[in-house]
Amino acid sequence: MKKIMMAAMAVALILGTTSCKKDKDNDRPNGDEAEYVTGIFNPSKHIKTVSGPSVAQRWNWDGSSLNSISDNENLVNYTFVYKGSGRQGVVNYQDAEQTRRYTYSYDEGTLDNIEFRENDQLMYNGQAFYQSGKLSHMNYTNLSTKFMLQTANRQLGLNLPTESTISMPNPSFTVDYTWTGNNISSEKINVTLNGTVGVQELFDLFGSQLGGNMGSYAAILPLIIQSMGDMTADFTITINRNEAYTYDSKKNPFYGYWGDGLLFNTKVLSKNNVLTAKTTGTARFQSQIRITLPEQCPEWLSQYASMWTIVRAFLNNRELPVDQTIQLDNNQSFTFKYNGDNYPTQMTNSDGQTFSYGY
């Protein structure tokens, strides 16, 4: 999978564009749970331990408040700061390499904004919108390129460098939620992102596709690209993505837990446990390089000096397109074992990994 597309896809892996006015009456009882209130994480059973492949967490509670989480496997610590209302205010994350901080603000009982920083650098702001008492969409703005690249690595299993020539002026995206009862049944994603990328980096990523448009002159394309120095090319990324979920009828122990934000974390918004997640859609990357050649044959193409007029007539101002589409289709499933209180004690995912929960 190609770097640029993934980097921006990560920015994107995502979302539509609607807006509506906030509802102010979201504080209300939620079925058989002890009154779910937006921003308050206090299920009737408190998780004490989470264990499984590459995770060994201990959750430390003080009455109804989660104070901290320590992960002895990854040497990670979370600490939680609450507002006077008991709502989650600040979540601090610390490992050996970095700090992360989520800051939540509220507006008359509903979530208003999420600010996410890494090593004190702003990664994004997320503004929440409600409809009929439900979170209908999140509008993410002030996105940093570093965050987009890191998200590609985390979500798509890539290892992209966080330094890149990719630039997207004021990128934003919106996650739209559709609800069935107290569970999110789907997330719809429709994104268009415009930006620039260095011509050399574009060639490094799509050289074979670009060379295929050069015919017998493909061999000199690397030299031409190199001669173009710090020139950039415009690109457009479009993403159309939908994720549909099904649920069990049991209690979700992570319902309302905002320790890792809401982005790519749908399970914390739904009352029940996700059984299947079906993703459909495509991501498309489009760009082009326009070749510009001097009137006189340059020294680095001296082998073509005798026929430079012909070479230049054939190549000068020629546009080499890049058009790459990838399918986003994916299916995941989860199976659970439950205790007598209808909370899961084990979860096994599609990869055969099993995680255990203690209360």
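The values are calculated or read from the model by the stated rules, or taken from the named source; none is laboratory data. Keep in mind that this is a model prediction, so the values were computed, not measured. Cβ placement follows ideal geometry from the backbone for every residue including glycine, while neighbour counts extend to all protein chains displayed. Ligands, DNA and RNA are excluded from the accessible area calculation, which covers all protein heavy atoms including side chains. Shrake-Rupley method; radii C 1.70, N 1.55, O 1.52, S 1.80 Å.
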Where N is the number of residues in the chain, Cα Rg divided by 2.2 N^0.38 Å: 1.20
Residue-ordered couplings for the range 306-316, obtained by feeding phi - 60° into the Karplus form 6.51 cos²θ - 1.76 cosθ + 1.60 and rounding to whole Hz (Gly and Pro as x), are 5, 10, 4, 4, 5, 4, 5, 4, 7, 9, 5
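Which whole-number percent gives the relative contact order of the range 216-293, counting Cα pairs below 8 Å spaced six or more residues apart? Mind showing how you got there, number by number?
Details: 89 pairs, mean separation 32.1, N = 78.
Contact order relative to length: 41 percent.
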When the scattering of the range 56-158 is computed by the Debye formula from its Cα atoms alone, each counted once and equally, what is log10 I(q)/I(0) at q = 0.11, 0.14, 0.15 Å⁻¹? -0.42, -0.68, -0.78
Candidate aspartates and glutamates for bridging to Lys250, where Cα separation is under 12 Å - those fewer than 8 sequence places away on the same chain excluded: Asp32, Glu33, Asp341
Amide H to amide H, which residues 5 or more places from His137 or on other chains are under 5 Å from it, using H placed in the peptide plane? Phe129, Tyr177
Alpha-carbon gyration tensor eigenvalues x 5, square-rooted, for the range 267-359, Å: 62, 14, 10
Can you run phi through the Karplus equation (6.51, -1.76, 1.60; θ = phi - 60°) for the range 275-285 and list ³J(HN,Hα) in whole Hz, with x for Gly and Pro? 9, 9, 9, 10, 9, 9, x, 9, 10, 10, 10
List the trypsin sites (Lys or Arg not before Pro) in the range 36-85 that DSSP assigns to loop (not H, G, I, E or B) and whose Cβ has at most 10 other Cβ atoms within 10 Å. Which are they? none
Once you put a point 7 Å from the Cα of Arg318 and another 7 Å from the Cα of Asp204, both along the Cβ direction, what distance in nm separates them? 2.5
State, as an integer percentage, the relative contact order of the chain based on alpha-carbon contacts under 8 Å between residues 6 or more apart. 17
For the range 203-296, with equal point scatterers placed on the C-alpha atoms only and solvent neglected, what are the log10 I(q)/I(0) values from the Debye formula at q = 0.13, 0.16, 0.25 1/Å, to two decimals? -0.67, -0.78, -1.29
The answer for the chain, accessible area per residue at 1.4 Å probe in Å², is 47
Whole-Å semi-axes of the ellipsoid equivalent to the range 70-124 (Cα gyration tensor, √5λ, descending): 24, 14, 7
Modelled FRET efficiency - R0 56 Å, Gln131 with Leu223, Cβ distances, 0.05 increments: 0.50
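On a 23 Å Cα-Cα criterion, which of the cross-link pairs Lys48/Lys267; Lys48/Lys146; Lys45/Lys337; Lys48/Lys134; Lys134/Lys337 come out too long? Intermediate results must be reported in sequence, preceding the final value.
Values: Lys48/Lys267 18 Å; Lys48/Lys146 34 Å; Lys45/Lys337 16 Å; Lys48/Lys134 29 Å; Lys134/Lys337 29 Å.
Over 23 Å Cα-Cα: Lys48/Lys146; Lys48/Lys134; Lys134/Lys337.
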Quick check: residue separation of Arg58 and Ser249 times 0.36 nm, minus the Cα distance between them. What number comes out in nm? 66.1 nm
Tell me which residues come under 5 Å, amide H to amide H, from Ile166 once H is placed; ignore anything under 5 positions away on its chain. Gly198
GluC sites (Glu not before Pro) within the range 154-247: DSSP coil, no more than 11 neighbouring Cβ in 10 Å: Glu163
Karplus 3J(HN,Hα) series, Hz, for the range 172-188 with 6.51 cos²θ - 1.76 cosθ + 1.60 (x for Gly, Pro): 8, 8, 10, 9, 9, 10, 10, 10, 10, x, 9, 10, 7, 8, 7, 10, 9
